[in-house]
1. If ARG383 passes every condition in (1) over 30 Å from ASP280 (Cβ atoms); (2) of a type outside the set (Asp, Glu); (3) out of contact with any strand residue (DSSP E or B) (no Cβ under 8 Å at 6 or more places or on another chain); (4) not in a loop (DSSP other than H, G, I, E, B) but one, which one does it miss?
2. If you go through the stretch 386-416, how many residues are outside any helix (DSSP H, G or I), in contact (Cβ under 8 Å) with a residue 12 or more places away in the chain and either surrounded by 13 or more Cβ atoms within 10 Å (Cβ to Cβ) or of a type in the set (D, E, K, R) (or both)?
3. Provide a single number: the residues in the stretch 233-251 that are buried (at least 23 other Cβ atoms within 10 Å of the Cβ) and over 19 Å from ALA354 (Cβ atoms).
4. Please indicate, with yes or no, whether at least one residue in the stretch 354-363 is outside the structural domain of GLN26 (by TED's automatic domain parsing), within 26 Å of ASP256 (Cα to Cα) and not acidic (Asp, Glu).
5. Out of the stretch 417-427, which residues are of a type outside the set (Val, Ile, Thr) and either buried (at least 17 other Cβ atoms within 10 Å of the Cβ) or assigned to a loop (DSSP other than H, G, I, E, B) (or both)?
6. Being modelled with pLDDT under 90 and over 19 Å from LYS369 (Cα atoms) is true for just one of GLY235, GLY218. Which residue is that?
7. Any residue in the stretch 184-207 that is free of Cβ contacts under 8 Å to residues at least 12 places away in the same chain and not assigned by TED's automatic domain parsing to the domain that holds GLY222 sitting within a Cβ distance under 8 Å of a residue that is surrounded by 14 or more Cβ atoms within 10 Å (Cβ to Cβ) and of a type outside the set (Ser, Thr, Tyr)? List the pairs, counting only those 6 or more apart or interchain.
8. Being in a loop (DSSP other than H, G, I, E, B), within 26 Å of GLY360 (Cβ to Cβ) and either small (Gly, Ala, Ser) or at pLDDT below 75 (or both) narrows it down to one of GLY73, GLY83, so name that one.
Amino acid sequence: MNTGQPTVYVRSSTVAEVHLGGEVEQVIASSRDALNDRIVEAIRLRAASAGTPLTAHLVDGARSWPLVIHPDGSVTMPDAAPGHSRTDEAVPIATAPVPVSAAPAGTAPPASPVPATPPRAAAAPTAAPSTGKPTVDDLLNSRSRPRRDRATTGWRGAVRRATRGAISPAPSRAEQSRLERERAVQRRLGGPRTIVILNPKGGAHKTTSTLLLAATFGTLRGGSTLAWDNNETRGTLGWRAQHAPHHRTAVDLLGDLPSFTDADASSLARLDAYVRTQVDARFDVLASDEDATASSTIDAAAFDRLHEVLAKYYRIILIDTGNNMRASNWIAAVAAADQLVIVSTVREDTAASAAWLLDGLREKGFGQKVDEAVTILAAPSARPDPALVDRLESHFSQVTSAVTRVPFDPALVDGGPIDFEALSDGTRDAWLSAAAVIAERL
């Protein structure tokens, strides 16, 4: 093993590279803290092999500083004042930097530096003096409670319409269930949420799942939903979506991102030139690169830049992933996810791929996200093997937080653009259930 002095380049909050003697080792984790721990461990192994401490030079954007990592895993800073050596702590990736000129030739541009000092918080407004008189809040709080749910379907709905509401039966059990699931999908969120759809095997129903979930969220939440194809080269999400008057993709948006950093010039309307609006289902699609001759790819740093901008414009972002779980943009999507959705058809090979994926994600440090994941089992035919369904549901219910099933639908078989109006009522209801299970965890 090479025992020289390593240089660590931090590419994003979840990806770093250890350069040593011409060799490059990629380090990937689920968070900044986990990344720090994995950097220390990677260098500790080299120090233990050499039997001597190693001085690692950490480079994060335009900043660099040394850290001495000992064979036992303890960490010290060469220029630390007495009493300030760091032992058994995470590497201070974003602290006490020393400027450097540039990364060595041939390396990718490093991640943007973390600001040295945080912006000063604005002073809290002074509360208005109380007059003891009712306020607008008192007026609004005096409103009567919302009316109970009213039937809209079946004989109950027919009676309510025939009597013009004079007789208003409660909804049936089935309709009440639907209303409750719709409310779950429509629940208020504290900010943008990112849902990542995963299975490293092709044909696992990922793209179809992404589009049907986006249609459910978009229709019930009134828009502000994006389906994004995060394939590092070419995916099929753009092909399965309804046609748009342009063929721009994530690569084009990446090239024009600087124009979206100006708050005065940028707007959701300007994104229409890059996304494909699904008018009937009220969501947008951002396609992956569709140029067969192109050599450009989306890496982790590019994903992070795109995600940061898109999260300013969309409340729900559903990400369709590629099949290469070693790709840096694939890892970056998992790291950015608020909710993982594992998709599999009811087949042995596809389910085994999903189970292997979950094992791999745990090894990469994403164990908590796996525990909180939702599994969707999609029937590959009108009559899936019931014994296999039970086996798969039993397995995935033990390794993820919930399992939901969706039926086979002939309207999805041809592989072309999805006609949401052609879906059966059973299919719509099943995908509403899937969306509700996911939404409850956001």
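The values are calculated or read from the model by the stated rules, or taken from the named source; none is laboratory data. On a predicted model such as this, the values are computed, not experimentally measured, just so you know. Here the Cβ is made from the backbone with ideal geometry for all residues, glycine too, and neighbour counts use every protein chain on show.
1. The failed condition is (4).
2. 10
3. Qualifying residue count for the region: 5.
4. So far as the stretch 354-363 goes, no, none of its residues is outside the structural domain of GLN26 (by TED's automatic domain parsing), within 26 Å of ASP256 (Cα to Cα) and not acidic (Asp, Glu).
5. Selection gives PRO417, ASP419, PHE420, LEU423, SER424.
6. GLY235
7. That search, which allows pairs on different chains as well, returns nothing.
8. Step by step, each of GLY73, GLY83 is checked, and only GLY73 is in a loop (DSSP other than H, G, I, E, B), within 26 Å of GLY360 (Cβ to Cβ) and either small (Gly, Ala, Ser) or at pLDDT below 75 (or both).
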